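The values are calculated or read from the model by the stated rules, or taken from the named source; none is laboratory data. Everything numeric here is computed off the predicted structure, so don't read it as measured data. We place every Cβ from the backbone using ideal geometry, glycine too, and count neighbours over all the protein chains shown.
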Amino acid sequence: MSSPTTRGEVLVEARRVVKAFPGIWEHLILDHVDFDVRAGEVHALLGENGAGKTVLANILSGFYTLSEGEIRVRGRPVKIKSPIDAIRYGIGMVHQEFTLVPSLTVAENIALSIRRRNIFSYPVKEVATRVRELSKRYGLRVDPDMLISHMSLGEQQRVEILKVLFWEPNVLILDEPTSVLTLEEANELFKILRRMADEGKGIVFITHRIEEIMRVADRVTVLRLGKKVGTLSVAEATREQLLCMMIGEFEPFRAERKPPRIGEPVLEIRDLYVYGDDGREAVRGVSFTTHAGEIFGIAGVAGNGQSELVEAITGLRKAVRGRIIILGQDATNKSPREVAEMGVRHIPEERRRVGVAEAMCVAENMMLRDYNVAPFSKRGVLDLRLIGEHSKALIERFKILAPDIWNTEVRILSGGNIQRLILARELWRAPKLVIAFHPTYGLDLKAVSHTHDLFMQLREKGSSILLVSEDLEEILTLSDRIGVMYDGRLVGVVESEKATTEVIGRMMAGM
Ligand SMILES: Nc1ncnc2c1ncn2[C@@H]1O[C@H](COP(=O)(O)OP(=O)(O)OP(=O)(O)O)[C@@H](O)[C@H]1O
Ligand SMILES: [Mg+2]
């Protein structure tokens, strides 16, 4: 599609780029930002939740237009008015939220995305051939005939990357690609990124993890509240320096764990069987019990039944056999509302689709759990003043960046700020049982630290927490006991003192 690049050539450049959302935000979302990507490099973009990383990426890839400033592609000023324009200029982006259709195969999904772009259509068979070619070239292991619903998140992400590589872009932008990946999957991704860079592409890599930047990036640009703080060569930067550029002074919370004060059983799972979307057993005979004052972690590679287990507990999916008991009451196959009424709060895996109502405002979203109970509702009448005050207090406490509570639709919030809103709504008063699916997904360092702190406080207050995460480090930091899921079964439960990365890692691999 475009001529070969030379190493070090500036492929795309943002000059003094301004993005304003007039009437919504008083400040500029991007305030005269300079940024460039060169052939052969991985350029990381770092910054707190709401810093403007995704907006900048969306401008470069045609999803947003800029308010002021200039974009140059290989030295030439251009106007990128749409994602199709961006593709034409050799720029492709992999978004954080996946958009694959679960009931279709890889090749069908890619063919569909080509059709949707409306440039030309492509027979599925040819797509499959090309997928094989591309996956060989970049070491992206993907079977074009596999159904998406059979794939782990890591595999699905490879499909999303292939979907963009199809257009042979010179510049590939990835928005927080590692947040849902296991360590191994992330390592594999880094190799692929490196390979693409070595081939002469420019890679933009958005992440919250400084460690990952040190490992894979050549340069890093730090944004803070819409302003560029600086661009550094990673070889010359230190972790402390990057941390400081990102958030200024910061004392991380060290999850200091007092010995648990284990109380009564809260969640009892007895010989549970649950089907997956494909009609096969996803959860196969799982049994365990969590207690008040305890964090029970569930580790496992994505796609080993964790999602279906959580959905069954929270009423989103039917159990076909076995029992779910919450505080002594039968909670098997109850509706999500009935489960919530039993004192269960849920931080879901899919924050945009399940966690919020995107078209509703911040205050409405904040009240999804509590609008129909006193003191917010009395004899069926909502106390809007109280609801407003409550929402504002939570926004402050959880440091959510939102311009207004009544007029702001949640869809415009940054990913990390949506996650904060869900945490605030579900955890503001210590629930009896918390079902948390990678709760720190997409949060910046400071917010991760605050969230871990909050989990420890809830545990002290006697909440029972079921923590499901692919982030082994997080599981090891927080959990009192850790269960490992493999192939639909709970293959073992380990006390925290005996749990090391090696022990759990081996169990996760089915050994
Ligand atoms: N369509 C929009 N309308 C109004 N404001 C928006 C829109 N899109 C983004 N914003 C705002 O722009 C700011 C920057 O958002 P952006 O998504 O770029 O943050 P981010 O750096 O990617 O953060 P995160 O780490 O949470 O993903 C946020 O305050 C966000 O609410
Ligand atoms: Mg973002």
Item to complete: Identify the residue in the range 424-473 that is within 19 Å of the chain's Cα centre (by Cα) and basic (Lys, Arg) and, among all such residues, is nearest to ligand 1 (Cβ to nearest atom).
Response: LYS446
Item to complete: Could you please give the count of residues in the range 34-48 that are in a loop (DSSP other than H, G, I, E, B), surrounded by fewer than 23 Cβ atoms within 10 Å (Cβ to Cβ) and under 25 Å from the mean Cα position of the chain (by Cα)?
Response: 1
Worksheet item: Out of (1) charged (D, E, K, R); (2) away from ligand 2 (no atom under 16 Å from the Cβ); (3) closer than 26 Å to ASN187 by Cβ, the odd one out for GLU97 is which?
Response: (2)
Item to complete: For the range 353-362, indicate whether the set of residues that are within 16 Å of ligand 2 (Cβ to nearest atom), closer than 22 Å to LEU445 by Cα and in contact (Cβ under 8 Å) with a residue 12 or more places away in the chain is non-empty.
Response: yes
Discussion item. Looking only at the range 172-204, count every residue that is closer than 10 Å to GLU41 by Cα and in contact with a Leu (Cβ under 7 Å, 6 or more places away or on another chain) and tell me the total.
Written reply: 5
Worksheet, complete the sentence: Per the filter on the range 31-67, residues among the aliphatic types (A, V, I, L, M), under 17 Å from VAL94 (Cα atoms) and within 11 Å of ligand 1 (Cβ to nearest atom) are LEU45, LEU46, VAL55, LEU56, ALA57, ILE59
Fill in: Which listed residue, of ILE395, ILE387, is over 19 Å from the mean Cα position of the chain (by Cα), more than 13 Å from ligand 1 (Cβ to nearest atom), in a helix (DSSP H, G or I) and surrounded by 16 or more Cβ atoms within 10 Å (Cβ to Cβ)
ILE387
Discussion item. For the range 408-437, give me each residue that is surrounded by fewer than 24 Cβ atoms within 10 Å (Cβ to Cβ) and of a type in the set (D, E, K, R).
Written reply: GLU409, ARG411, ARG425, GLU426, ARG429, LYS432
Discussion item. Cβ-Cβ distance below 7 Å, separation of 6 or more or different chains: which pairs start in the range 400-415 with a residue that is β-branched (Val, Ile, Thr) and end on one that is within 13 Å of ligand 2 (Cβ to nearest atom)?
Written reply: ILE400/ASN417; ILE400/ARG420; VAL410/ILE418
Item to complete: Residue by residue through the range 413-423, note down the ones that are more than 9 Å from ligand 1 (Cβ to nearest atom) and either over 18 Å from ALA359 (Cβ atoms) or assigned by TED's automatic domain parsing to the domain that holds PRO177 (or both).
Response: LEU423
Worksheet item: Of the numbered conditions (1) among the β-branched types (Val, Ile, Thr); (2) assigned to a loop (DSSP other than H, G, I, E, B); (3) within 24 Å of ARG280 (Cβ to Cβ), VAL373 satisfies every one except a single condition; which is it?
Response: (3)
Worksheet entry | Test: residue in the range 117-140 that is at pLDDT below 90, crowded, with 21+ Cβ neighbours inside 10 Å and not in a helix (DSSP H, G or I) | yes
Worksheet, complete the sentence: Of those in the range 272-326 that are within 24 Å of LEU104 (Cα to Cα) and basic (Lys, Arg), the residue surrounded by the most Cβ atoms within 10 Å (Cβ to Cβ) is ARG317
Practice prompt. Please report, ordered by residue number, the helices (runs of 4 or more DSSP H) entirely within the range 146-225 with at least 1 residues that are within 16 Å of ligand 2 (Cβ to nearest atom) and in contact with a strand residue (DSSP E or B) (Cβ under 7 Å, 6 or more places away or on another chain).
Written response: 153-165, 210-216
Worksheet item: Would it be correct to say that ILE206 is within 16 Å of ligand 1 (Cβ to nearest atom), farther than 22 Å from GLY62 by Cβ and touching a Lys or Arg at 6+ places or on another chain (Cβ under 8 Å)?
Response: no
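Return the only residue of ILE173, ILE148 being modelled with pLDDT under 95 and either surrounded by 22 or more Cβ atoms within 10 Å (Cβ to Cβ) or under 30 Å from ARG280 (Cα atoms) (or both).
ILE148
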Worksheet entry | the range 225-279, residues that are modelled with pLDDT under 90 and either among the β-branched types (Val, Ile, Thr) or more than 30 Å from MET456 (Cα to Cα) (or both) | ILE247, ASP277, ASP278, GLY279
Worksheet item: Which of (1) surrounded by 18 or more Cβ atoms within 10 Å (Cβ to Cβ); (2) assigned to a loop (DSSP other than H, G, I, E, B); (3) touching a residue at least 40 places away in the same chain (Cβ under 8 Å) is the odd one out, the single condition PRO102 does not satisfy?
Response: (1)
Response to the item:
Going through (1) over 30 Å from ASP471 (Cβ atoms); (2) surrounded by 15 or more Cβ atoms within 10 Å (Cβ to Cβ) one by one, VAL354 fails only at (1)
Worksheet item: Since ASP31 meets every condition but one in (1) more than 16 Å from ligand 2 (Cβ to nearest atom); (2) buried (at least 20 other Cβ atoms within 10 Å of the Cβ); (3) among the charged types (D, E, K, R); (4) closer than 22 Å to ILE412 by Cα, which condition does it not meet?
Response: (2)
Worksheet item: Can you name the residue in the range 1-21 that is among the small types (Gly, Ala, Ser) and part of a loop (DSSP other than H, G, I, E, B) and, of all such residues, is modelled with the lowest pLDDT?
Response: SER2
